[in-house]
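Laboratory data are not the source of any read-out in this text; all were calculated from the coordinates shown. Everything numeric here is computed off the predicted structure, so don't read it as measured data. Every residue, glycine among them, receives a Cβ derived from its backbone with ideal geometry; neighbour counts consider all protein chains shown.
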There are 2 protein chains.
Amino acid sequence: MPRTLSREVAECIGESVTIKGWLHNVRSLGGVVFALVRDRTGLAQTVTEDAADADLLRGLGSESVVSISGRVAREPRAPGGVEVRIGRIEVISRVEDALPVQINKASISAGLETQLSHRAVSLRSPRARAIFRVQHEVAMSFAEFLAGQGFVRIHTPKLVPAAAEGGADVFEVDYFGRPVYLAQSPQLYKQMLVGVHERVFEIAPAYRAEKHDTARHTNEFTSLDLEMGFIESHEDVMDVENAWLCHLAETLRERCEEEFGVLGARLPEVQERIPRVRLSEAQNAIARCEGQPDLDPEGERLASAWAHDEFGCEWLFVTHYGVEKRPFYTMPDPSAPHLTRSFDLLFRGWEITTGGQRLHRIEDYEAKLRAIGVDQDGYDFYLSTFRYGMPPHGGLGAGLERLTARLLELRNVREANLFPRDRTRVSP
Amino acid sequence: MPRTLSREVAECIGESVTIKGWLHNVRSLGGVVFALVRDRTGLAQTVTEDAADADLLRGLGSESVVSISGRVAREPRAPGGVEVRIGRIEVISRVEDALPVQINKASISAGLETQLSHRAVSLRSPRARAIFRVQHEVAMSFAEFLAGQGFVRIHTPKLVPAAAEGGADVFEVDYFGRPVYLAQSPQLYKQMLVGVHERVFEIAPAYRAEKHDTARHTNEFTSLDLEMGFIESHEDVMDVENAWLCHLAETLRERCEEEFGVLGARLPEVQERIPRVRLSEAQNAIARCEGQPDLDPEGERLASAWAHDEFGCEWLFVTHYGVEKRPFYTMPDPSAPHLTRSFDLLFRGWEITTGGQRLHRIEDYEAKLRAIGVDQDGYDFYLSTFRYGMPPHGGLGAGLERLTARLLELRNVREANLFPRDRTRVSP
């Protein structure tokens, strides 16, 4: 008999069906045994009073894979309001051992480190499945929205000859006996490709060999990147991100209400125009980091809370960061050259995007690299782009895991990373 | 004045427009100067008889970025049947140097190595732009089709503790003083995630530290991967790929006719059921590699040509490769255990996909690893998946660049890789 998915069972009342999935939970009430079967669409309740079948189910470990056939009957107390009265059970894969972490409760009692160590099992919990279902929609929405705006999807190398974001925090790879580095971002390449397609985007891993160990950082993350030519300023880049976030909020409302429910998170509201304030204005408002070129994490938290009070908005663009805190390719503000045409996007207390306008004239790059004492030779492949005609352009990078974590109000970005890598963890 | 894209100019006859882009080509005919301006949507012809403007255009190097305003007039000999009679020229970015490779002719005369060394410029050629526009559609189509079939997009780590595809061909990374490896494929992780979402896919870089230097290999490539649970056999996996390829062919016909034209390539036809033959049958038909567990590259070329003659089909699934030529996780054929439930997809002479059914019982993995003398310890994180309940499952991996190259009948896979990495090249 063809397989019926758990979500489809409610449409089959009175019919015989075969469901297949993992044994999520088994309960005995006297001689009656209830078994919840989990598949990719959710849970289905099955029930038997047959002594042999009941014994079989009681003897199977959680997560055993089964195929259960039976007739569908109305049962208001079961998921979807129906249950499958068991006719036949086939055990596809029997689990003998107790699970290393319990996953059939509403929340997981094991700590995060234990969950991460037993990721193959802990990811099966309803909570984790909901997180990555939402992450899927975030990534799909980014690609679909941008493709609709004329952006071309690119795949740039992660093995690179030079550091894009400066200095020391790169991982070194032994490439047939010579050192190359893991890309910190696709920055240099996506700018080069503005010369080709004008508008490009990428969804790909990025690497930072930073030693800090915080709830917001991992050493490998998925970067959502875009870059676009013929802009007037960084404002155009914020416009695109704002429009995408509106599209994303709509997608999540349509497709992920259930997942947000599982996680007890609020579906995000995105204003058609997210407030944009200068760094100095934000610093004054929160009376922190005043006169400095940047916000610290506590400043980001306070600025985000302030935006909520002041504008009723969970999102806030902060612009005009100090030139010393932005990478060499950042466009200075012509009217105040110690500031930059740059922005961060804050959301529920965290910085989730960094972007801005870039330099586009070769002479500006040469002057900048001289001023900061960086040798041009390593960047020749990149600088030639600007020797052969580039328009004003800009872009942004956003961490997929960070955005997912804030959307779902998770406390640690690792919860939104399938197999996180940090200073002490490269397994599983 | 807001910018008009070159594709939109034909709709603006009699109106004043401003176009922005790169100076693709400038021709003088007596006192008349024609300048072709390239933007992300194509080429627009501009023309002037004004002496000062003509001098300005003649003095600008190719690829200078300009903004040109003027009135649109019918001109049957120009692209799109219209031209812009120049009123005003603004130079946004002036190019002083001659280009390192010519890109404004129908084909590039420079050799591939020269093109790759000057990638920031050579990628701007109509030919290269068409290749990566098609590649964009291939990747988008893969994601969209699979999402529609209930597959969840995943992002698995590329820094891994163990080699997925066996042995020596891995790049080593210095990870805070200890060695880890760049993932050869997401194989182990996508299988683990079948336990979570049943159906998963990924588009991400993969690494092979192989020293061979052929027209079909690079050391970093983009892998299109999928994995799915509750299958009967490898046939189900071929069904999904076949359906995707039908979807892709339709997408390319709708959106990329022009790009195929630029490259002189034939739009692919995909049969609703691509022929499936056993390896031994293919070997007999081409009288090559008979009795061996695999095809060599020449055998793949011959088998592909044979399929074209025999079935009128450019695609061919070859199944049942020898067990010694397939990775440890491959499911043997129950009726002939020296063969496997595996397949390759051949297209226009090249292997572009490898897939199959995997083992799903822990005892089968343990026996297999013992038999081939591999220590289980390094794979513990992976093996635990099979200890806690896994359904029959299978999947495939396809190289995005290889598929793009064959679709467009390119001779070298590097042409379909934005910034290829091979044994001698890690720059640009």
Just checking the output field for B:173-180: average partner chain Cβ neighbours within 10 Å of each residue's Cβ? 5
Between A:S335 and B:A52, take the C-beta separation as r, use R0 = 25 Å, and let me know the FRET efficiency to the nearest 0.05. 0.20
Please report the spacing between the Cα centers of the range A:1-66 and the range B:1-35 in Å, no decimals. 67
All Cα pairs of the range A:211-321, percent lying beyond 18 Å: 64
Using every alpha carbon pair in the range A:16-56, what percent of pairs falls into each 5 Å bin from 0 up to the bin containing the largest distance? 6, 24, 31, 23, 13, 4, 0
Fewest Cβ neighbours within 10 Å first, please rank B:I352, B:I372, B:I154, A:I108 accordingly. B:I372, A:I108, B:I352, B:I154
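Compute, for the protein assembly as shown, the length of the dipole vector about the Cα centre, with Cβ point charges of +1 (Lys, Arg) and -1 (Asp, Glu) only. Units Debye, rounded to 20.
Charge dipole, the protein assembly as shown, about its Cα centre: 40 debye, nearest 20.
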If r is the Cβ-Cβ distance from B:N284 to A:Q149 and R0 is 45 Å, what FRET efficiency results, to the nearest 0.05? 0.30
Report the residue of chain B with the smallest Cβ-to-axis distance, using the rotation axis that brings B onto A, in whole Å. B:V173, 3
Separation of alpha-carbon centers, the range A:301-359 and the range A:399-417, rounded to whole Å: 20
If you average 1/r across every pair of different Cα atoms in the range A:38-186 and take the reciprocal, what Kirkwood value do you get, in Å? 20.4
Two-decimal ratio, the protein assembly as shown, of alpha-carbon radius of gyration to 2.2 N^0.38 Å: 1.00
So how do B:H308, B:H320, A:H338 line up by other beta-carbon neighbours within 10 Å, fewest first? A:H338, B:H308, B:H320
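On alpha carbon coordinates alone, what is the Rg over Rh value for chain B, Rh being the Kirkwood radius?
Answer for chain B: 1.06.
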With a/c under 1.5 counting as rounded, go ahead and sort the range A:112-163 into rounded, prolate or oblate using the C-alpha gyration tensor (a ≥ b ≥ c being the square roots of the eigenvalues; past the cut-off, prolate if a/b is larger than b/c, else oblate). oblate
Residue-averaged 222 nm ellipticity for chain B, from DSSP H runs of 4+ at -39500 (n - 2.57), nearest 500: -9000 deg cm²/dmol
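Quick one: if the Förster radius is 56 Å, what FRET efficiency do A:E366 and B:E363 give, using the C-beta to C-beta distance and rounding to 0.05?
The calculated FRET efficiency here is 0.30.
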Let me confirm one metric for peptide A:135-142, namely the mean number of other chain beta-carbon atoms within 10 Å of its residues' beta-carbons. 4
Counting pairs of alpha carbon atoms under 8 Å apart in space and at least six apart in sequence, what relative contact order in percent does the range B:37-97 give? 39
Hey, rough spin-label estimate for B:D380 and B:S109, points 7 angstrom out along Cα→Cβ, what's it come to in nanometres? 6.4
Exam field: B:R411 pseudo-label spacings to other copies (7 Å along Cα-Cβ), nanometres: 6.2
Just check the range B:107-250 against the gyration tensor rule for me: Cα atoms, a ≥ b ≥ c as the square roots of the eigenvalues, rounded for a/c under 1.5, and otherwise prolate or oblate depending on whether a/b exceeds b/c. oblate
Here the averaged projected area of the range A:310-418, based on the convex hull of its alpha-carbon atoms and given in nm², is 9.4
For the range A:6-93, I need the span (max minus min coordinate) of the C-alpha atoms along each principal axis, in Å, sorted largest to smallest. 30, 26, 19
Overall dimensions of the range B:171-269 by Cα: Rg and Dmax, Å: 17.9, 51
One decimal, nm, nearest first: from A:G312 to the same residue in each other copy, label points 7 Å out along Cα→Cβ, the values are 6.6
Packing-based exposure ordering (other Cβ within 10 Å, fewest first) of B:S335, B:S342, B:S185, A:S233: B:S335, A:S233, B:S185, B:S342
Treating the beta-carbon of each Lys and Arg as +1 and of each Asp and Glu as -1, no other charges, what is the dipole magnitude of the range B:190-252 about its Cα centre, to the nearest 20 debye? 320
So, in nm and shortest first, the distances from A:E113 to its counterparts in the other copies, with label points 7 Å along Cα→Cβ, work out as 5.3
Helical segments meeting 24 Å axial Cα length and Kyte-Doolittle -1.0 threshold in chain A (DSSP H): A:126-148, A:234-255
